[in-house]
1. Of everything in region 460-487 that's open to solvent by 20 Å² or more (accessible area, probe 1.4 Å), in contact (Cβ under 8 Å) with a residue 40 or more places away in the chain and of a type in the set (S, T, N, Q), which residue is farthest from ligand 2 (Cβ to nearest atom)?
2. Checking VAL332 against (1) open to solvent by 10 Å² or more (accessible area, probe 1.4 Å); (2) of a type in the set (A, V, I, L, M); (3) over 20 Å from HIS449 (Cα atoms); (4) touching a helix residue (DSSP H, G or I) at 6+ places or on another chain (Cβ under 8 Å), only one condition comes out false. Which one?
3. Tally time: how many residues in region 293-304 are within 13 Å of ligand 2 (Cβ to nearest atom) and not charged (D, E, K, R)?
4. Of everything in region 214-264, what is among the small types (Gly, Ala, Ser) and in the same structural domain as ILE436 (by TED's automatic domain parsing)? Give them in sequence order.
5. What residue, among those in region 1-14 that are over 8 Å from LEU37 (Cβ atoms), in a helix (DSSP H, G or I) and touching a helix residue (DSSP H, G or I) at 6+ places or on another chain (Cβ under 8 Å), is least open to solvent (accessible area, probe 1.4 Å)?
6. Residues ILE439, ILE453: which one is open to solvent by 10 Å² or more (accessible area, probe 1.4 Å), in contact (Cβ under 8 Å) with a residue 40 or more places away in the chain, away from ligand 1 (no atom under 15 Å from the Cβ) and part of a strand (DSSP E or B)?
7. Might you check whether a residue that is of a type in the set (Asp, Glu) and outside any loop (DSSP other than H, G, I, E, B) occurs anywhere in region 138-150?
8. Pick out, from region 337-414, the strands (runs of 3 or more DSSP E) lying fully within it that include 2 or more residues that are away from ligand 1 (no atom under 16 Å from the Cβ) and surrounded by 24 or more Cβ atoms within 10 Å (Cβ to Cβ).
Amino acid sequence: MAAGLLPGRSVRERLLALPSIDAFIEVAKASGKTGVLDEAMLDELLAVTPTTPVVARTIAPIAEPDPKPAPRKHDLAHYNLSDFPMQAKDVDAEISVHFDITGKSVTEGKKEDIQSFFNDRLKQVKRLILDRNLPNRPIAVNEALRRKRQLVDRDNQFTIIGLVNEPKTTKNGHLMFTIEDSTGEVRCLLSQRDEGGPNQQIVHAGLMDDDVIGVSGNFNQSGELIYVDDIHFPPLNKHQRRRAGEDQAVSAAFISDLHLGSKTFLAPQWEKMIQWFHTDPLAQTVRYLVISGDGVDGVGIYPGQDKHLDITDLFNQYSKLGQMLQELPDWVEVLLLPGNHDAVRPAEPQPAIDPELQTDYNNTLFVGNPCDFSLHGVRVLSYHGVSIMDFVSSLRTVTFETPEAAMRAMIDRRHLAPSWGGKTPLSPEPEDRLVIQEIPDIFVTGHVHGHHIENYKGVNLVHSSTWQDQTDYQRMLGFQPKPCILTIVNLHTHATAAIPFV
Ligand SMILES: [Fe+2]
Ligand SMILES: [Fe+2]
């Protein structure tokens, strides 16, 4: 009865004959069997019941229960250690930087610079759009305007490629904008319909100022605007990710926005991560740590910032950060980008932080923002992410809670920060290097203090987590950050793991 069993008449004699019932009860309990105890079950259970007198009442179960992983904080998915097969210290570092503006900025910010910046953007993205099957060969805007009488006819659909200006939604829900190339400018209207499809997604989401797109359609009767049938972004079929070789299957980890120096920097959680780096088996696979900007909180970044600072001297902030990074195990190589809180020009692309501020670092490669680099052949595009704010204010599909939607939009239009004159200061370099020339295998941003990992059309999107607690400003906006999560990507398997330290 103690084991949930009802002994049948036939087995009672045999039970009473046992030298001790305790051992049998323990075995019966562990077996999980309940109900009527008949001869067959008794034989089965006695076969595994110890015959020597039981000293302790704890007996090993017959079958090991299946191990169930404990629930993880943040509801982050479990990872499998076998996806992270290689020890970082067994593999030499292999970093090649493809783009970093440091020391290469040439603009004087003159009108001609701005012109050549946009002409270059148009040229680059146009070339990408031409890679797709367009319904007809694109013509220049002035040619379209010259032939507009003829191009009213639905049989004469035409295509132009240019920069978007002033996109807005009309009272009736249509999308209105102008398209400009080096020859002229023309108004366009993409109408709202019920049929769904990619065009209607664009009508719903909207466009960014200074996007480069292709437009196919016809002029209206009066010839003053184009009725758009189709909008063309550069094509992106499923991207085939590059992998590090099997003998170089190490991992890269991603964080950003430490905001060291602010009172809200989460120091105990940082200590916890350093501990983890020295003790956890997964940490031993991490060869690189990429910090995508805002490593320090900076000084004089916004009015009244000094009230929120713990370390009020900029040199001390960078020095402390260097010391903290030195606590990482020596198999970890750090790549440090600047963000809008760092002591470099805010205009993007931003150069690496000044060599004078780099003195207390021994394991860190200082790069600009954005930085396009490869780790063992895996192409990584790291961008701090200030333009996410412009995506939030321009596209209905993007919110501060979903920075990954901005990242998808960047990949789709092959540009990190299209809008001039928005919240992202842009440096008008003769070549627009905020164009995503090469599809990355890993695309990482920060700035918004969220956290997200997904595979978008074959690209690993990582929105890296902050090490700063909710600020007063964020509380006022009702924004809840997702701090202290280390994102890890294996460069061979492309498996990801997210490790929370709160
Ligand atoms: Fe930040
Ligand atoms: Fe930032």
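The values are calculated or read from the model by the stated rules, or taken from the named source; none is laboratory data. Quantities reported herein were computed from a predicted structural model and do not represent experimental measurements. Neighbour counts are summed over all protein chains in view; Cβ atoms, including those assigned to glycine, are modelled from backbone coordinates with ideal geometry. For accessibility, only protein heavy atoms count, side chains too; no ligands or nucleic acids. Shrake-Rupley method; radii C 1.70, N 1.55, O 1.52, S 1.80 Å.
1. Here the answer is GLN470.
2. Unmet condition: (1).
3. So the answer is 6.
4. First, the residues of region 214-264 that are among the small types (Gly, Ala, Ser): 214, 216-217, 222-223, 244-245, 249, 251-253, 256, 261-262.
Matches in region 214-264: ALA244, GLY245, ALA249, SER251, ALA252, ALA253, SER256, GLY261, SER262.
5. Residue satisfying both the conditions and the ranking: SER10.
6. After applying the criteria, what remains is ILE453.
7. yes
8. 371-375, 378-383
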